Amino acid sequence: MKKILSLILITASIVLLSTSCDEYNELTAPAVNTGSADFTRFVSIGNSLTMAEQSSSVFEASQMYSFGKLIANQVGTNYEQATFSDPGTGGRLEIRSIDLVNGSADIVANSNQGVPTNLTYPAPYNNLGVKGAFLTDVLNARDANSCYTANFGVPNPLFNAVLRGLGTQLELAIAQQPTFVTLWIGNNDILAFATRGGLFPITDVQQFAANYKTILDNLQAVGAQVVMANIPDVKNIPFFKTVGPGIGFSLQQNQLPGMVYQTTSGIGQATVDDLFSLNVLILLTGSSAASLIGDVTGAYYTLNGIPVPAGVNTAFPFGLTAENPWPNNLILDPTEMAIVDQIVAAYNGIINAEATSRGLAVVDIYSILNAIGEPSGIVMNGITFSSDFITGNTYSLDGVHPTTQGYGIVANAFIETINNKYGASIPFIDVATLPGSLIFEGTVPMGKYGIPQIPYGALDRVIF
Amino acid sequence: MLGVIPGILLAGGFQLNEHGAKPMGLGGAFTAIVNDASAVYWNGAALSYLDGTNLLLGASIIGPSTSFRGVTPAVDKSNMISQTFLPPHFFASHKISDAFSVGLGVSVPFGLGTKWNQNWVGRYLAVETELQTISAPLVVSWAILENLSISVGGSFSFADVTIAQANSQTPFVGDAFITLKGDDKSAFGYNAGIMWKPVKELSIGASFRSEVDYEFEGTATATGADQLVALLPKGNISAKLTTPMNIQGGIGYRVIEQLQLSADFQWVGWSSYDKLAIDFEDPAYDDISRPRDYEDTYAIRFGAEYFFNNQLSFLGGVYFDKIPVKPEYLSPSLPDADRLGFSIGADAMITDNLGICGSYLFIRSAELTVTNSREIYTPYDEGNEGSASRFNGTYNSYANLFSFSFYYKFN
């Protein structure tokens, strides 16, 4: 009897054990040390890079990894955004087919558009970035019609979606009494010139300095900590690097010495070596025209519905002759490249000077993207990031805006700067855990010579 | 009848020790005291002590549970999808003469089945992994003396394996999904046993079960974006797997008329499992080779049987089973840890010939936190392994098992 009793006891204790087995040791994630940085009310001011544009569109699957959102996740603070459902704000580039072995791809623009999904949020968004915003817009744009590009006949409806008629980016930032602000603005002030082959005005350097100063004055007046980011070198992004070498290769295959292009003041010539060495930059917008080099039927103009410019004779080989040169808006010639270098240096000089005089920190995106632009790229979390189009992991299909993992690199650059400046130890994002973000469409033929096939016009709205 | 899906991670590695309700109730301390047809598995030499013809048929019901919290520094919890397994066992023995007895059987000596959500954080390491081996041993036992016997035998086995996991398509959106399936329709092993009963109260036994080399042949299939599917591995594959040898020695002692105690020491040659290697016939696809570096390991087992009367006895057992894999090689396809097992059971003769035994086993794994994992759980470029992301985190596992056996003696 005694033994039966003990068996019952053993049984009872086993049952107890098995019911208590769900109670694991509590694990807690390590607390985040933000040092003297205060993320209580965290606001971002900026353009498409802050809004997390990818592949020419702004859509929720990308916005959830905007660099501001990634930083907010790391420090555990609230961060509301003007999100758009798939496929986003319109014209999203998608891969119809790709040949990774021979390095070519067909890319199409999605003709659908998503809708805003966070319109009812009752306060200004933390992320005030607007695709297409110029520096002046931070101070002056209240809606589509008052934004800078409206002066050029391109009212930008995204100002309505993000600002919702409540004020300018700066006013909405101030209204939130921000404790911490990221300010990455001014890219479009030079990029619009560069991505249009030098056919768009550049924001005057003096005006840039004055506006930048005004923004910082206002943010500091409400006690916000501000971290800025500088302006990247356009030469290192795939938008400018991809098509030229491909054309060089095709010219070489056809034993042609080089190409002839239109400049604002006349006619220019680029040798095969100039194309390989990036002494001239053929824009990604010229990817579909690249396959028409040598054409004597005027196909470039008829296919794209463009009137033949005065002085052009389409009976001569396209892109190879002074009579029928490569169009000016599809190339950044050496003169224009020098202007871009000079302006980027001037803008970054202003940003650095303001930072120094105010004791603020600058994220040196310029240097990071230059390192990524080196042939070997950089390695982060086991992944190699280069400026190769599509396969480089860094840039989305528009050749300008980062992939989701690319935004992770941007966020890490901010975090590193913040950690150094404010004695913080915010953990870095493991960029390898961020999802792939180049989107697929369907199936059809491919381009030659490693030149991606992007329809004419599909990249017209890449900046605004 | 439910589909038979044998196999699960219960002993260290993917060995199963549940071959009969009675040994399970005794914590697996059975080598020296086996007194039914399951001797075919546990110790063939014990067949010499069984009279006439004996049959034993049953199955185990196994419900394992595992969670992973990580990846460090995160502590997000992922639970393995719960599955129930039903490995069967069947054994038969026959005494041919005073000197010789024979036995045969079918059981599941090795198996595993793990299934994680397709979107879980470790999906590039494991989504679905299933291995099942079915082994049919044939044993001859020779009673050298009245109290000493030895046995030798061979076994015929077959096995099949499924490995499914997600593959990152970065920089492109979405995951591809790769499924590898293969089988080996015939593999052979051998076994031996010895049993000695120096005095009436005491029995000593030992058994040996050999390694079995499996050579799997099968196919790989892949699904993913249409644009990339040409690059995904597919076609014929082959893989080798050697299941470990076992040496198990035990002692049984009848302390008093109503109580028998038993203890076993089991040595498992897990060092046979050094890597998971899968070869693709098409040279366009890289072969898979993941180091596992398992080490030989052991289990210590204790059992007690209390004889209530001539018809009814109660069983109890406890064991400790040592982890065979270094934590840095641990994969979520086969979570492992030091394990403690607690069992109870009852054995009853319903008629003079028919008996039934039922037992319950609870297995608790020690919490295991991996801090130096070699398993990379994110996409990475070849040559960049050094900076790639490692699958560090905390595993917790337990399992509930029920086993039933019916046995019948023809006198």
request  = State which residue pairs qualify: first residue more than 14 Å from every other protein chain (Cβ to nearest Cβ) and inside the stretch B:297-308, second residue of a type in the set (Val, Ile, Thr) and assigned to a strand (DSSP E or B) in any location, beta carbons under 6 Å apart, and separation of 6 or more residues or different chains.
outcome  = B:Thr297/B:Val268
inquiry  = Only one of B:Val325, B:Val268 is away from every other protein chain (no Cβ under 14 Å) and touching a Leu at 6+ places or on another chain (Cβ under 9 Å). Can you tell me which?
reply    = B:Val325
task = Residues being touching a residue at least 60 places away in the same chain (Cβ under 8 Å) and crowded, with 23+ Cβ neighbours inside 10 Å: count how many of those fall in the stretch A:242-260.
result = 5
task = Name the one entry in B:Asp336, B:Asp279, B:Asp286 that is surrounded by fewer than 19 Cβ atoms within 10 Å (Cβ to Cβ) and either touching a Lys or Arg at 6+ places or on another chain (Cβ under 7 Å) or assigned to a loop (DSSP other than H, G, I, E, B) (or both).
result = B:Asp286
inquiry  = Can you confirm whether B:Ala74 is surrounded by fewer than 20 Cβ atoms within 10 Å (Cβ to Cβ) and assigned to a strand (DSSP E or B)?
reply    = no
ask   = Just to be sure, is B:Ala126 closer than 28 Å to B:Ser359 by Cα and either within 14 Å of chain A (Cβ to nearest Cβ) or of a type in the set (A, V, I, L, M, F, W, C) (or both)?
value = no
task = Starting from the stretch A:15-44, take each residue that is under 27 Å from B:Val370 (Cβ atoms) and aliphatic (A, V, I, L, M) and list its partners that are modelled with pLDDT of 85 or more and open to solvent by 60 Å² or more (accessible area, probe 1.4 Å), counting only C-beta distances under 7 angstrom and pairs at least six apart or across chains.
result = A:Ala29/B:Pro73; A:Val32/A:Gly76
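Residues are listed down the side, and each one gets a yes or a no for (1) among the polar types (S, T, N, Q); (2) within 29 Å of A:Ala109 (Cβ to Cβ); (3) not in a helix (DSSP H, G or I):
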| position | (1), (2), (3) |
| --- | --- |
| A:Tyr261 | no, yes, yes |
| A:Ala270 | no, yes, yes |
| A:Leu275 | no, yes, no |
| A:Thr285 | yes, yes, no |
| A:Ala310 | no, no, yes |
Among (1) within 30 Å of B:Asp352 (Cβ to Cβ); (2) open to solvent by less than 70 Å² (accessible area, probe 1.4 Å); (3) of a type in the set (Phe, Trp, Tyr), the one test that B:Tyr273 misses = (1)
ask   = Conditions: (1) outside the structural domain of A:Val312 (by TED's automatic domain parsing); (2) within 20 Å of A:Tyr395 (Cα to Cα). A:Pro245 meets all but one. Number of the miss?
value = (1)
query = For the stretch B:378-386, does any single residue satisfy the condition of being away from chain A (no Cβ under 14 Å), more than 18 Å from the chain's Cα centre (by Cα) and under 30 Å from A:Asp430 (Cα atoms)?
reply = no
inquiry  = Kindly evaluate B:Asp264 against the criterion of being assigned to a loop (DSSP other than H, G, I, E, B) and within 25 Å of the chain's Cα centre (by Cα).
reply    = no
ask   = Looking at (1) under 28 Å from A:Tyr300 (Cβ atoms); (2) without any contact (Cβ under 8 Å) to a residue 40 or more places away in the chain; (3) of a type in the set (A, V, I, L, M, F, W, C), which is the only condition A:Ala210 fails?
value = (1)
message = Among the residues that make up the stretch B:109-119, is at least one of them of a type in the set (S, T, N, Q), modelled with pLDDT under 95, more than 24 Å from B:Val71 (Cβ to Cβ) and within 20 Å of the chain's Cα centre (by Cα)?
response = no
remark   = Checked A:Asn112, A:Asn102, A:Asn151 against criteria (free of Cβ contacts under 8 Å to residues at least 40 places away in the same chain and assigned to a loop (DSSP other than H, G, I, E, B)); the one match is A:Asn112
note = Within the stretch A:264-294, residues over 19 Å from A:Thr242 (Cβ atoms) and buried (at least 18 other Cβ atoms within 10 Å of the Cβ) come out as A:Gly268
note = The number of residues in the stretch B:230-261 that are within 14 Å of chain A (Cβ to nearest Cβ) and either part of a strand (DSSP E or B) or closer than 20 Å to B:Ile278 by Cα (or both) is 8
task = Can you confirm whether the stretch A:307-316 contains a residue that is of a type outside the set (Phe, Trp, Tyr), open to solvent by less than 20 Å² (accessible area, probe 1.4 Å), modelled with pLDDT of 95 or more and at negative phi?
result = no
inquiry  = Any residue that is of a type in the set (Ser, Thr, Tyr), away from chain A (no Cβ under 14 Å), part of a strand (DSSP E or B) and open to solvent by 50 Å² or more (accessible area, probe 1.4 Å) - is there at least one of those in the stretch B:192-211?
reply    = no
note = Within the stretch A:332-384, the residues that are open to solvent by 20 Å² or more (accessible area, probe 1.4 Å), part of a strand (DSSP E or B) and within 14 Å of chain B (Cβ to nearest Cβ) are A:Ile378, A:Val379, A:Met380, A:Thr384
ask   = Do you know which residues across the stretch A:208-229 are out of contact with any Leu (no Cβ under 8 Å at 6 or more places or on another chain) and closer than 24 Å to A:Glu336 by Cα?
value = A:Ala209
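The values are calculated or read from the model by the stated rules, or taken from the named source; none is laboratory data. Everything numeric here is computed off the predicted structure, so don't read it as measured data. We place every Cβ from the backbone using ideal geometry, glycine too, and count neighbours over all the protein chains shown. Heavy atoms of the whole protein, side chains included, go into the accessibility calculation; ligands, DNA and RNA do not. Shrake-Rupley method; radii C 1.70, N 1.55, O 1.52, S 1.80 Å.
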